[in-house]
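I have placed the structure first, in the form of C-alpha cells, so that the comments after it can refer back to it.
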Amino acid sequence: MELLRTFATVIDLGSYTRAAEVLRRTQPAISLQIRRLEEITQTKLITNTGRETRLTEAGEFLMVYARQILSLNDEALSRTARRDVAGQLRVGLPTDYAVAFFQEVLTQFAKLHPEITFKIQCELSRDLLDSLERDALDVIIAMTSERTERNLAREWVERPIWVTARKGSPHRQSPVPLVAHPEGCEYRNRMTQALSSVHRQWRLAYCSPGVTGLQNAVLAGLGVSALTKRTYLTGMKTLGEKHGFPPLAEIHVGLYCKHVNQTDAVNRLVNFVVGKLDEAVEPDFKPRHWR
C-alpha cells in the first residue's frame, strides 16, 4: 500500500522531489520505493525525459488499479475508525458537456450523505483543470484534446456528433452557421478543425456558455452544432459526410481529483461517480484505461 501511494503521489505531483516533500521522506527514499515497486511488478513503470515524469504503458495499467486500491483502503480505514464523512465538496463541471448526467449523480450522492455540502462550479475544462491545480476545487470533470495522467482518477473517450434542427436547412448555408460555446471549448475546436479539413467556411451564429442555450439555438434553426448522445434532443437530426460534415475528432473526458491528502468525502464521491460510470451503457460513456 505504501509503495502504491508513493507511486500515485509521484505521478500526481510530477516530481520525485515534490512527492518527497509531501510524503515527508527523502528523494532517494522515494526513488528506492519506485524501484522496489518495479521489482515486484517486474516491469518499468515510470520514465523520465528531462524534468518530465511519465508513465509507461505498464505504469498506466497499474495506476488504474492503484487508484482503486488506495481509495478502497482509505474508505475502509475511515469506516473502521468510525469517522463521520462531512464537510464541503467543491466540484467542477464543464459547461460544454452532458452536465445533466453528473448533476443527477451528485444529487444521488447528496441524498446518501446529507452531512456533505456541495459547491458546484461550471466553467470551461481548461479553467477547471487550473482551479484543481490551485486547490480551488476537489473533484472535476474535464475534457482535453489529449490524454493526461496528472490527477486522473478515471478516463473515457467520446466522439461528438454533428446536429441541426430537423426542420430547416442551416447546414446547407455557406459559410456554415455554427452554434457553439465560447472560444477554448473542445467541441468548438473540433467543429472548426473538421470544417477546415474539407475547406468549408464557417461563421459563429450563436454563442452560449451553457448547453441548454445551444440546444435551444439548434432547435430554433439558428445553425449547426456538436453535441453528445445525452444532449441530443427530439427535433434534432444528425449530420454526416454525405451532408459535407466530416467525423469529429474524439475528446478525452476525465474524472480528476487531487489524490494527495484527499478527504474521506472526496474518496467516497470518486468511488460513487466511477460506479455510476460503470453502470452507463451508452457507447459514448464506455471508459478506457480502466481494466
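The values are calculated or read from the model by the stated rules, or taken from the named source; none is laboratory data. Small disclaimer: the values here were computed from a predicted structure and weren't measured. When we count neighbours, we look across all protein chains shown, and the Cβ atoms used for this are built from the backbone with ideal geometry, even at glycine.
Points to keep in mind about this one:
- Conditions (1) surrounded by fewer than 20 Cβ atoms within 10 Å (Cβ to Cβ); (2) farther than 25 Å from Asp127 by Cβ; (3) in contact with a strand residue (DSSP E or B) (Cβ under 9 Å, 6 or more places away or on another chain); (4) in the same structural domain as Arg126 (by TED's automatic domain parsing): number failed by Asn271: (3)
- Some residue of the stretch 109-130 being touching a helix residue (DSSP H, G or I) at 6+ places or on another chain (Cβ under 7 Å) and either small (Gly, Ala, Ser) or in the same structural domain as Ala58 (by TED's automatic domain parsing) (or both): yes
- Residue list for the stretch 148-164, restricted to those being crowded, with 20+ Cβ neighbours inside 10 Å and more than 17 Å from Leu195 (Cβ to Cβ): Asn151, Leu152, Ala153, Arg154, Glu155, Glu158
- Residues in the stretch 155-184 that are without any contact (Cβ under 8 Å) to a residue 60 or more places away in the chain and acidic (Asp, Glu): Glu183 alone.
- Listed by first and then second residue, the pairs linking a residue in the stretch 9-28 that is among the aromatic types (Phe, Trp, Tyr) to a residue that is not in a loop (DSSP other than H, G, I, E, B), with Cβ atoms under 8 Å apart and 6 or more places separating them unless they lie on different chains, are Tyr16/Val10; Tyr16/Gln27; Tyr16/Ile30; Tyr16/Ser31; Tyr16/Ile34; Tyr16/Thr53.
- Checking Leu72 against (1) touching a helix residue (DSSP H, G or I) at 6+ places or on another chain (Cβ under 9 Å); (2) modelled with pLDDT of 80 or more; (3) not small (Gly, Ala, Ser), the condition it does not meet: (2)
- The listed residues are Leu93, Leu89, Leu55, and the only one of them that is surrounded by 14 or more Cβ atoms within 10 Å (Cβ to Cβ), among the aliphatic types (A, V, I, L, M), more than 29 Å from Glu250 (Cβ to Cβ) and at pLDDT 80 or above turns out to be Leu89.
- Within the stretch 185-215, the residues that satisfy the criterion of being farther than 19 Å from Pro94 by Cβ and free of Cβ contacts under 8 Å to residues at least 12 places away in the same chain are Ser196, His199.
- Of the strands (runs of 3 or more DSSP E) that lie entirely inside the stretch 111-202, those containing 1 or more residues that are out of contact with any Asp or Glu (no Cβ under 8 Å at 6 or more places or on another chain) and at pLDDT 95 or above span 161-165, 176-180.
- Residue list for the stretch 167-188, filter: among the charged types (D, E, K, R) and closer than 27 Å to Arg126 by Cβ: Glu183, Glu186, Arg188
- Within the stretch 210-247, the set of residues being assigned to a loop (DSSP other than H, G, I, E, B) and under 18 Å from the mean Cα position of the chain (by Cα) comprises Gly210, Thr228, Lys229, Arg230, Thr231.
- Of all residues in the stretch 116-141, exactly one satisfies the criterion of being closer than 18 Å to Arg154 by Cα and of a type in the set (Lys, Arg), namely Arg126.
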